[in-house]
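In what follows, a single structure is set out as structure tokens and then discussed.
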Amino acid sequence: MESRAPVNAEQFMKALPHCGAMNMQLQQIGKGQATIGLPYDDRFVGDPDTGVLHGGAISAVVDTCCGAAVMSHPSVKGATATIDLRIEYLRSAAPRADIVTTAECYHVTRSVAFVRASAHDGDTSKPPVATASGTFMVSAVKP
């Protein structure tokens, strides 16, 4: 994986207002793979008694990371949009934990990209917080 984001991925992140509002951080991108961090923020807590992030915040970073992975795939040259995204929440994130999501675009057709992802809270002794699989529209692919 490359450590510097291609221009289209940087533009992708800047074009989505929620990325800035949620302080999402593009950590790695390239060749159909992306990693995006979501720092813990009290604004996105789902349960004030535990300090655990809301599932909606996790789904936002998972969807964004999947889209970034599609944008960085070598055969994709155009825009992308989510067609379908299935997220399976395996457990609650640790209280006050940052979330790191990694996505892989593993297959691209003329108009659809297929992606899988996982979101972790830093505790590698446990299963991920969530896993996802999805399909994304691509507007153009390289011949």
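The values are calculated or read from the model by the stated rules, or taken from the named source; none is laboratory data. Owing to the predicted nature of the structure, the values given are computational and were not obtained by experimental measurement. Reconstructed Cβ throughout: ideal geometry from the backbone, glycine too, with neighbour counts over all protein chains shown.
Each residue in segment 29-44 was checked for being in contact with a strand residue (DSSP E or B) (Cβ under 8 Å, 6 or more places away or on another chain) and at pLDDT below 95, and 1 of them qualify. Restricting segment 116-127 to residues that are in a loop (DSSP other than H, G, I, E, B) and touching a residue at least 24 places away in the same chain (Cβ under 8 Å), the residue that is farthest from Ala57 (Cα to Cα) is Lys126. Considering only segment 42-52, I want to know if a residue exists there that is within 21 Å of Val129 (Cα to Cα), of a type outside the set (Lys, Arg) and within 16 Å of the chain's Cα centre (by Cα). No: zero hits. Of all residues in segment 127-143, those being modelled with pLDDT of 95 or more and surrounded by fewer than 20 Cβ atoms within 10 Å (Cβ to Cβ) number 5.
Yes or no, residue by residue, for (1) assigned to a strand (DSSP E or B); (2) in contact (Cβ under 8 Å) with a residue 60 or more places away in the chain:
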position	(1), (2)
Thr35	yes, yes
Tyr40	no, no
Ala60	no, no
Ala69	no, no
His73	no, no
Ala81	yes, no
Glu88	yes, no
Val100	yes, yes
His107	yes, no
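Put simply, of Thr109, Thr124 the only residue that is surrounded by fewer than 15 Cβ atoms within 10 Å (Cβ to Cβ), modelled with pLDDT under 95 and of a type outside the set (A, V, I, L, M) is Thr124. Against the criterion of being of a type outside the set (Phe, Trp, Tyr), under 17 Å from Gln33 (Cβ atoms), out of contact with any His (no Cβ under 7 Å at 6 or more places or on another chain) and not in a loop (DSSP other than H, G, I, E, B), Ala113 does not qualify. On the basis of being touching a Phe, Trp or Tyr at 6+ places or on another chain (Cβ under 7 Å), surrounded by 20 or more Cβ atoms within 10 Å (Cβ to Cβ) and of a type in the set (A, V, I, L, M, F, W, C), does Val100 make the cut? It is false that Val100 is touching a Phe, Trp or Tyr at 6+ places or on another chain (Cβ under 7 Å), surrounded by 20 or more Cβ atoms within 10 Å (Cβ to Cβ) and of a type in the set (A, V, I, L, M, F, W, C). The residues of segment 29-52 that are touching a His at 6+ places or on another chain (Cβ under 8 Å) and surrounded by 17 or more Cβ atoms within 10 Å (Cβ to Cβ), listed by number, are Gly32, Phe44, Val45.
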